[in-house]
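Below: one structure, written as structure tokens.
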Amino acid sequence: MKVIVLVEDTQESSQVDAAFGLSLYIEYDGTKILYDLGPDRTFIENAKKLNVAIDEVDYVVLSHGHLDHTGGLNYLKDKPVYIQTGASEVLSSRHRDISMPDYDCIRVDKEATIESNIHLLTNQSKFGFVPDNDHLFRNDCLDDFSHELMLVIELPSSLVLFSGCSHQGISNMIYTAENKFSKPVSHAFGGMHLKDYEETYEFEGLKDELLRMSTIFYTGHCTGRYAYRYLQKHLKGRLHRLSSGKEFIF
């Protein structure tokens, strides 16, 4: 499997651009997927620099409706785009509209299979750590983030999980995928939405949950630098930073 970071808040080098958001290009077993599109056309410009052919992409999956993950829809042409049913509702942050652009998307309620080993899931677990939320709204109510959509790719003996911000908790998402497919999640990509925390004790529970797993994590964006440094100290070689231009092969 190959994963190339097309958009993230930081950049691996001056050869590519950074933008607040996330977009990942994934290749596995001949299938090419874009997971999230970032806030604007940065994913297209970086793809050119990284020799990624956007016109050869088979599927686009959007992790949730927020604009920093869906804004690139304004520059996408003629691709099947999967979203969770609620992702196109009115979304806001501190009274600022962050709803996704209009696009004729394929809507997924609870789960879907787009190829025999490529699946879309919504989170079904509520037992693990969930990041606090006091400023993100859906239809004028505090968002419960049920519009999040995971991408899960089955390997022969494990799973690779992709999540945009893990608003419902990355450990909950991992539990959901493992319970569904009876395989361990070996690799997990995406933000953890810890950037607003100022004290480590506030997300100590998540650290403990991740330590009990064997998963290798690739994170950035909304995880925040403070939380990343703290988690890296404990997870050591099992935590890697996402950054525009980075490539991971496994």
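What follows draws every value from the coordinates through simple rules; no lab data is involved. Since the structure is predicted, the reported quantities are computational estimates derived from the model, not experimental observations. Methodologically, a virtual Cβ is constructed for each residue, glycine included, from the backbone with ideal geometry; neighbour enumeration extends over all protein chains shown.
Straight-distance candidates among the lysines for linking to residue 49, with alpha-carbon spacing under 22 Å and chain neighbours fewer than 8 residues away dropped: 2, 32, 77, 79, 246. Converting phi to 3J(HN,Hα) with the Karplus coefficients 6.51, -1.76 and 1.60 and the offset θ = phi - 60°, the range 83-95 yields 9, 6, 3, x, 5, 8, 6, 6, 10, 8, 10, 6, 6 Hz in sequence order, with x at every glycine or proline.
Place a +1 charge on the Cβ of each Lys and Arg in the chain and a -1 charge on the Cβ of each Asp and Glu, then give the dipole magnitude about the Cα centre in debye, rounded to the nearest 20.
Numbers: 25 positive and 37 negative charges, 152 e Å.
It comes to approximately 720 debye.
Choose one answer from 78, 55, 208: the residue with the largest mean-square fluctuation in a GNM of the chain with alpha-carbon springs under 10 Å. So, out of 78, 55, 208, the one fluctuating most is 78. The H on the amide N of residue 187, modeled in the peptide plane, is under 5 Å from the matching H of 159, 161, 216, each at least 5 residues off or on a different chain. Net charge of the neighbourhood of residue 144, taken over other residues with C-beta under 11 Å away and scored Lys/Arg +1, Asp/Glu -1, is 0. For the range 200-216, 3J(HN,Hα) computed residue by residue from phi via the Karplus equation (6.51, -1.76, 1.60; θ = phi - 60°) reads 5, 4, 5, 10, 4, x, 5, 4, 5, 5, 5, 5, 6, 9, 9, 5, 9 Hz, glycine and proline entered as x. In straight-distance terms, cross-link reach from residue 207 covers every one of the aspartates and glutamates whose alpha-carbon lies under 17 Å from its own, apart from those fewer than eight places away in the same chain; here that gives 132, 196, 198, 199.
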